[in-house]
Structure formats: structure tokens, C-alpha cells
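See below for the structure under consideration.
The values are calculated or read from the model by the stated rules, or taken from the named source; none is laboratory data. Note that the coordinates shown come from a computational prediction; the quantities given were computed from them, not determined experimentally. For neighbour counting, all protein chains shown are included, and Cβ atoms are generated from backbone atoms with ideal geometry for every residue, glycine included. Protein only, heavy atoms only, side chains kept; ligands, DNA and RNA dropped before computing areas. Shrake-Rupley method; radii C 1.70, N 1.55, O 1.52, S 1.80 Å.
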Amino acid sequence: MTTGNKQHTAFSFEVLPPLRGKGMESIYRTIDNLMQFNPVCINITTHRAETIYSEMPNGAYQKLSVRNRPGTVAIAAAIKERYHVHTVPHIICSGFSAAEIESELIDLSYLGITELLLLRGDRAKDENRFIPSPGGHAHAIELCRQVNDFNEGKLLGGVVTTPLETPFAYGVAGYPEKHDEAMNLDTDIEHLKAKVKAGAKQIVTQMFFDNSKYFAFVERLRREGIDVPVVPGLKPLTTLNHCTMLPKTFHIDFPQELAREFEKCRSNADVKELGVEWGIQQVRELKAAGVPAIHFYTMNAAFSTERIASATF
Ligand code: FAD
């Protein structure tokens, strides 16, 4: 996997596919502005199908399963082609069967895209716990094993073919403040260790706002013998609702200094300024500590990400 070199902390940027029916213009605009920072890669998220109810002409409702942000594989190919940059599509278990995942892997191998981030994926919005798709995986580790098999030419249904000339290399997710469903940090780290043992070449972390949590996590992983790069994931704060939504959704704490500053914000514009200042401080400290790369969650924060990257590149 590409994680930059020792002299320079590389940046990577994560973008979301456009909403169903929208074009690629806003993604291109975002990447046009971020290419000046010579990103080590651009990640593209994947979003599962969700259930919607659409009204029919007779007034009855029809239940449909719809992907609001489709197109990850095609977007990865389009960005690679246009910017000559490594692209890393996220492959998720959620909402996909193993057979559908295999088709994605086949498409990606034809496209010459060989770096992946393997994830379980978020649960469906109308479910209160993660339920695997029929014929799908319950945990990211099973996806790691499927990709390992695919690399060796072992396809589903017992079909064996030649191993891939350029096997897929993959990263996985890690959670400095624990995954929200994990019983405790110890078991969460055991599960992370299994993914690394299976072959993950790097760990990309959940967002955090307190660098000390990241440093403690890395130290802990090293003690456990996990020695792959741990790439910190950062998200610029941009809206007033982030102070409740982010801790609740992602099981992360705001450090007290940030919480105090957040309480003074009266508008989204105030939060954006705070998010940029805080992000710059975080990046400076992480760079000084020699992290291998920094991954920015750019979703809805492209301009803030650009300002943070400009000040710290
Ligand atoms: P897992 O590794 O499967 O872990 C999930 C939970 O199960 C954890 O609590 C873990 O401790 C536990 N666990 C793991 N293995 C086992 C086991 N064998 N037995 C019992 N318990 C186990 N979501 C998307 O939908 N699309 C994206 O594009 C996306 N991109 C992301 C990018 C990054 C960098 C990160 C950090 C997250 C991203 N997510 C994305 C969110 C992610 O899918 C969720 O956090 C999801 O809930 C967990 O994914 P995981 O790969 O960590 O799952």
C-alpha cells in the first residue's frame, strides 16, 4: 500500500460518490482543488442500498431497495484515468453478497485498480443492528479472506483459476476510541489484529479530535505486535450539529479544550473556522510525530480540508 515516505507525511483524501442521478462535476471540482497536495491516493466510499417507500399513481406505496450513492468502482476508474493518481475504492460487506463482491473484484482487476479498503460497512438505516446480506459476510475479516482467496485464483463455488499477477493489497479500519459495537477496546483490538494477520497492509483510523487517543492506540497496537502503518483519519468540523452528532454516531469524545471552543460557536461559519484551526493543530502535531500519512474525510468539508492542507503541506 502507498503510505508515503519518511521525509514527508503524505495526504490522502476520501470522497463520496455523488447522489443518485447527479453528475461527477462536484467530485472533480473537489479533486481539482486537492491535487496540489500531491495526494498519495484518493479513496472512494461505498454506500449500501437502503429501503425506501415510493408512492405509486394509485396512492399505494411500493417498497424499493435503492442505492443513493452508487458508482464507487466506476468513479475510482474515472478519477484514476483523469488525475493519474492511485484510487482506493472501499469494498463493504453491508448490503452485498459475496458473489456481488466477487463481481466488483473482477471489474477492479480488469481496471488495474489494486488497492482497496475492506470494511464491514454501516448497518442499514432501518435496522438497529448489523444484519449481513443473504450470502454475505458478517465481519470485515471474512471479506479479507475472500480477497485473499481471489488473489490466489480461488473463486466462489470452488472454481480455481490462475492467481492474480498483481494481487489486491488492502487496508482495514481501526478505532482509537473503540468501535461503537465492540464490548471493549481489548476485544476490538483482537479483531483488528485478526484482520492484520489475514493480510491488511495498513490501518486507517476512524476520525478523532484528540491526538493523544491516536498516539495511545498506536502504542497499544505496537505492544500487541501489530506493526503495519496506522494512518490517522481526520474530519474538519463544519456544522453546529457536529458537537452532538459525531460523538453519538462514531463513539468519539471531543477533548475539553475543543468542547469549550465549540460552545462559543453561534453559527456554522464559526464552527468551520474552529474546525480549520483545530485541524491545522492536529495535523502539525501528527506530522511532528512522523505519522506515515494523514487521511482526510473530505465529505461536506472540501474547502476546510483544502485550507488545512494548505497551511500544513
Ligand atoms: P469489523 O472489522 O467487522 O468490526 C465491526 C465490529 O465487529 C467491531 O465492533 C469488531 O470489534 C467486531 N468484530 C470484528 N470481527 C469480529 C468477529 N470475528 N467476531 C465478533 N466480532 C467481531 N462504511 C461504509 O458503509 N462505507 C464506507 O465506505 C466506509 N468507509 C470507512 C472508512 C474508514 C477509514 C472507516 C474507519 C470507516 C468506514 N466506514 C464505512 C464505516 C465502517 O464500515 C463501520 O465503522 C462499520 O460499523 C465497521 O466496519 P469494520 O470494517 O471496522 O468492521
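Only residues that are of a type outside the set (V, I, T) and out of contact with any Cys (no Cβ under 8 Å at 6 or more places or on another chain): list them for the range 244-259, please.
Of the residues in the range 244-259, the ones of a type outside the set (V, I, T) are 245-248, 250-251, 253-259.
Within the range 244-259, M245, L246, P247, K248, F250, H251, D253, P255, Q256, E257, L258 meet the criteria.
What number of residues in the range 283-301 are more than 16 Å from the ligand (Cβ to nearest atom) and either open to solvent by less than 30 Å² (accessible area, probe 1.4 Å) or of a type in the set (S, T, N, Q) (or both)?
The initial filter retains those residues of the range 283-301 that are more than 16 Å from the ligand (Cβ to nearest atom), namely 283-285, 287-290.
Okay, now just the ones that are also either open to solvent by less than 30 Å² (accessible area, probe 1.4 Å) or of a type in the set (S, T, N, Q) (or both), so 283.
Of the residues in the range 283-301, 1 are more than 16 Å from the ligand (Cβ to nearest atom) and either open to solvent by less than 30 Å² (accessible area, probe 1.4 Å) or of a type in the set (S, T, N, Q) (or both).
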Selection status of P134, away from the ligand (no atom under 13 Å from the Cβ) and either under 24 Å from R67 (Cα atoms) or touching a strand residue (DSSP E or B) at 6+ places or on another chain (Cβ under 6 Å) (or both): yes
Single unsatisfied condition, N184 versus (1) open to solvent by 30 Å² or more (accessible area, probe 1.4 Å); (2) out of contact with any helix residue (DSSP H, G or I) (no Cβ under 6 Å at 6 or more places or on another chain); (3) modelled with pLDDT of 95 or more; (4) more than 10 Å from the ligand (Cβ to nearest atom): (4)
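What do you reckon, is V271 within 21 Å of H8 (Cα to Cα) and open to solvent by less than 70 Å² (accessible area, probe 1.4 Å)? Steps first, answer last, please.
Values: within 21 Å of H8 (Cα to Cα): no; open to solvent by less than 70 Å² (accessible area, probe 1.4 Å): yes.
The answer is no for V271.
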Any hit, the range 143-166, residues being within 20 Å of I91 (Cα to Cα), touching a Cys at 6+ places or on another chain (Cβ under 7 Å) and touching a residue at least 24 places away in the same chain (Cβ under 8 Å): yes
Residues within the range 199-244 that are in a loop (DSSP other than H, G, I, E, B), within 16 Å of the ligand (Cβ to nearest atom) and of a type in the set (V, I, T), tallied: 2
Some residue of the range 66-75 being in contact with a Phe, Trp or Tyr (Cβ under 9 Å, 6 or more places away or on another chain) and either within 15 Å of the ligand (Cβ to nearest atom) or in contact (Cβ under 8 Å) with a residue 12 or more places away in the chain (or both): no
In the range 157-198, the residues that are over 19 Å from D253 (Cβ atoms), in a loop (DSSP other than H, G, I, E, B) and of a type in the set (D, E): E165
Breaking point among (1) away from the ligand (no atom under 12 Å from the Cβ); (2) in contact (Cβ under 8 Å) with a residue 12 or more places away in the chain; (3) among the basic types (K, R); (4) not in a strand (DSSP E or B), for K63: (4)
Subset of the range 251-268 (residues that are among the aliphatic types (A, V, I, L, M) and either open to solvent by 10 Å² or more (accessible area, probe 1.4 Å) or modelled with pLDDT under 95 (or both)): A259
Matching option when the condition is surrounded by fewer than 16 Cβ atoms within 10 Å (Cβ to Cβ), acidic (D, E) and either under 29 Å from F208 (Cα atoms) or within 13 Å of the ligand (Cβ to nearest atom) (or both), among E127, E142: E127
Complete set of residues in the range 86-96 that are of a type in the set (A, V, I, L, M, F, W, C), open to solvent by less than 10 Å² (accessible area, probe 1.4 Å) and not in a strand (DSSP E or B): C93
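Given the structure, is K22 away from the ligand (no atom under 12 Å from the Cβ), at pLDDT below 95 and either open to solvent by less than 40 Å² (accessible area, probe 1.4 Å) or not small (G, A, S) (or both)?
Values: away from the ligand (no atom under 12 Å from the Cβ): yes; at pLDDT below 95: no; either open to solvent by less than 40 Å² (accessible area, probe 1.4 Å) or not small (G, A, S) (or both): yes.
In short, no.
Which of the residues belonging to the range 113-124 are away from the ligand (no atom under 13 Å from the Cβ) and either part of a loop (DSSP other than H, G, I, E, B) or more than 17 Å from T46 (Cα to Cα) (or both)? Steps first, answer last, please.
Residues of the range 113-124 that are away from the ligand (no atom under 13 Å from the Cβ), as a first pass: 113-115.
Those that are away from the ligand (no atom under 13 Å from the Cβ) and either part of a loop (DSSP other than H, G, I, E, B) or more than 17 Å from T46 (Cα to Cα) (or both): I113, T114.
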